Amino acid sequence: MSQTKSNLSSIKQQIAAIAATAGRDPLSVRLVAVSKTHSSAEIVAAYHAGQTIFGENYVQELVAKALVIKEPVEWHFIGHLQSNKVRQIASIVTTIHSVDRLSLAQEISRQYRKIGKTCQILLQVNVAGESTKSGTTVEGVMSLIREISGLPHIAIIGLMTMPPFFDDPDRARPYFAQLRLIAEKIRSKNIDGVAMNELSMGMSGDFSTAIQEGATLVRIGTAIFGKRY
Ligand SMILES: *Cc1c(COP(=O)(O)O)cnc(C)c1O
């Protein structure tokens with residue numbers, strides 16, 4: 001547990017240093033601690049070490065953890081999401097990073113309306129066009145934004161991407177840079193209900209590059225909690 005605490009403080013220092021070197025306000029980068037496969041006890045320990053936002057990928061696992069964790073953590077959903085499971089997470093998560101189709105956004109809108117809340121969403125973009133990854137295509141993102149922007153109880157706050165895996169994080173740079181350009185293009189259209197202030201990009205292996213390219217939400221698991229088994 002104290003390993004988690006020292007990892008957290010090291011990651012936070014790195015984030016602040018990388019942001020500062022890139023000429024950015026360190027406070028403009030928020031850390032999402034990706035806790036999938038790790039125990040509720042580890043999450044609570046991280047919370048008491050000052051971490052507030054946690055990201056989960058699996059609905060069942062998230063629901064189980066949210067049931068036992070009483071600390072006021074902020075839950076983000078970052079994994080592939082089936083529409084028929086939105087109902088289970090609506091009262092738990094503030095933010096969904098992985099919206100990639102209209103039908104899913106419609107269901108999010110419907111479920112959050114029922115509980116009288118607004119869900120913050122990011123559109124996941126498959127920048128590299130990998131067949132194994134979720135996400136809308138680069139070509140399709142603008143029309144998807146326009147369709148979703150009219151839905152009540154949804155606030156579109158930005159874009160998310162997962163580049164291909166590279167041993168050298170510098171090779172992910174073009175994908176991060178492209179996501180930022182897409183967000184800027186969308187922002188320039190001034191669409192009602194679309195803020196585009198957030199870029200969710202960067203994981204344990206490549207968050208440094210992602211911050212240099214403008215990430216505002218970095219999703220880090222392994223570097224905080226250790227290896228997943
Ligand atoms: C697991 C996961 C992460 C965290 O990856 P690490 O390499 O452990 O930091 C980030 N984003 C998504 C979407 C994930 O599924």
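Some points to look at:
- Here SER98 does not qualify as crowded, with 16+ Cβ neighbours inside 10 Å, in contact (Cβ under 8 Å) with a residue 24 or more places away in the chain and farther than 30 Å from SER149 by Cβ.
- Scanning region 193-207 for residues that are in contact with a strand residue (DSSP E or B) (Cβ under 9 Å, 6 or more places away or on another chain), buried (at least 23 other Cβ atoms within 10 Å of the Cβ), under 18 Å from ASP167 (Cα atoms) and in contact (Cβ under 8 Å) with a residue 40 or more places away in the chain yields MET201, PHE207.
- Hits in region 175-202 - residues which are at negative phi and not in a helix (DSSP H, G or I): LYS189, ILE191, ASP192, VAL194, ALA195, ASN197, GLU198, LEU199, SER200, MET201
- Looking only at residues in region 218-227 that are more than 7 Å from the ligand (Cβ to nearest atom) and in a loop (DSSP other than H, G, I, E, B), the one that is least open to solvent (accessible area, probe 1.4 Å) is GLY226.
- For region 11-38, a residue qualifies if it is open to solvent by less than 50 Å² (accessible area, probe 1.4 Å) and without any contact (Cβ under 8 Å) to a residue 40 or more places away in the chain, and exactly one does: ALA16.
- Complete set of residues in region 103-151 that are open to solvent by 20 Å² or more (accessible area, probe 1.4 Å), farther than 23 Å from LEU181 by Cβ and in a helix (DSSP H, G or I): SER103, GLN106, GLU107, ARG110, ARG113, LYS114
- Screening ALA177, ALA183, ALA128 for residues that are within 16 Å of the ligand (Cβ to nearest atom) and under 16 Å from ALA210 (Cβ atoms) leaves exactly one candidate, ALA128.
- In region 39-55, the qualifying residues are those that are surrounded by fewer than 19 Cβ atoms within 10 Å (Cβ to Cβ) and assigned to a loop (DSSP other than H, G, I, E, B), and the one that is nearest to the ligand (Cβ to nearest atom) is SER39.
- The residue list ALA215, ALA172, ALA210 contains one member that is of a type outside the set (Val, Ile, Thr), part of a loop (DSSP other than H, G, I, E, B), within 13 Å of the ligand (Cβ to nearest atom) and open to solvent by less than 20 Å² (accessible area, probe 1.4 Å), which is ALA215.
- Within region 67-80, considering residues that are part of a loop (DSSP other than H, G, I, E, B) and in contact with a helix residue (DSSP H, G or I) (Cβ under 6 Å, 6 or more places away or on another chain), the one surrounded by the most Cβ atoms within 10 Å (Cβ to Cβ): VAL73
The values are calculated or read from the model by the stated rules, or taken from the named source; none is laboratory data. Computed from a predicted structure; not experimentally measured. Because the Cβ atoms are built from the backbone with ideal geometry, glycine has one as well, and the counts that use them run over all protein chains shown. The accessibility values were calculated without ligands, DNA or RNA, using every heavy atom of the protein model including side chains. Shrake-Rupley method; radii C 1.70, N 1.55, O 1.52, S 1.80 Å.
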